[in-house]
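S.K.: First, the structure itself, so that you have it in front of you.
No lab work stands behind these numbers, since they all come straight from the coordinates. Predicted model only: the values in this text are computed from it and were never measured. Positions of Cβ are backbone-derived with ideal geometry, glycine not excepted, and every protein chain shown enters the neighbour counts.
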């Protein structure tokens, strides 16, 4: 087998597991009371908004890292994901 074929098999396996896990999580989420679902969505939306704002206000990598160091682990991860996906040029992130 070639390396490309192995990579494709691994990618397909990861996608299959991710799809099954996503479906299971969605099913469990939909079983929650509506008020709790809305609260969870509001919390996650607020966290994503905060991560986006932090990426906007930081002027460079050093400043972003200082700001993120003051956040909890979840906001750190969301902010770095936001920086990587939406602000790669601003923070000189090489996606390759």
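S.K.: Could you work out how much longer the chain between residue 74 and residue 11 gets when fully extended? Use 0.36 nm per residue separation minus the Cα distance between them, nm to one decimal.
M.R.: Residue separation times 0.36 nm, minus the Cα-Cα distance, leaves 20.1 nm.
S.K.: What's the exposure ranking of 80, 29, going from fewest to most Cβ atoms within 10 Å?
M.R.: On the way: 80 18, 29 12.
Starting with the residue having the fewest Cβ neighbours, the order is 29, 80.
S.K.: Among 20, 76, 44, which one shows the highest mean-square fluctuation when the chain is modelled as a Gaussian network with alpha-carbon springs under 10 Å?
M.R.: In this elastic network of the chain, the residue with the biggest mean-square fluctuation among 20, 76, 44 is 20.
S.K.: Tell me the label only: which of (1) 1.60; (2) 1.10; (3) 1.13 is Rg/Rh (Cα atoms, Kirkwood Rh) as calculated from this structure?
M.R.: (2)
S.K.: Please build a GNM for the chain, connecting alpha carbons under 10 Å apart, and tell me which residue among 47, 71, 28 fluctuates the most.
M.R.: 28
S.K.: Using a 10 angstrom cutoff on alpha carbons, build the Gaussian network for the chain and name the most mobile of 14, 67, 75.
M.R.: Comparing 14, 67, 75 in the GNM, the peak value goes to 14.
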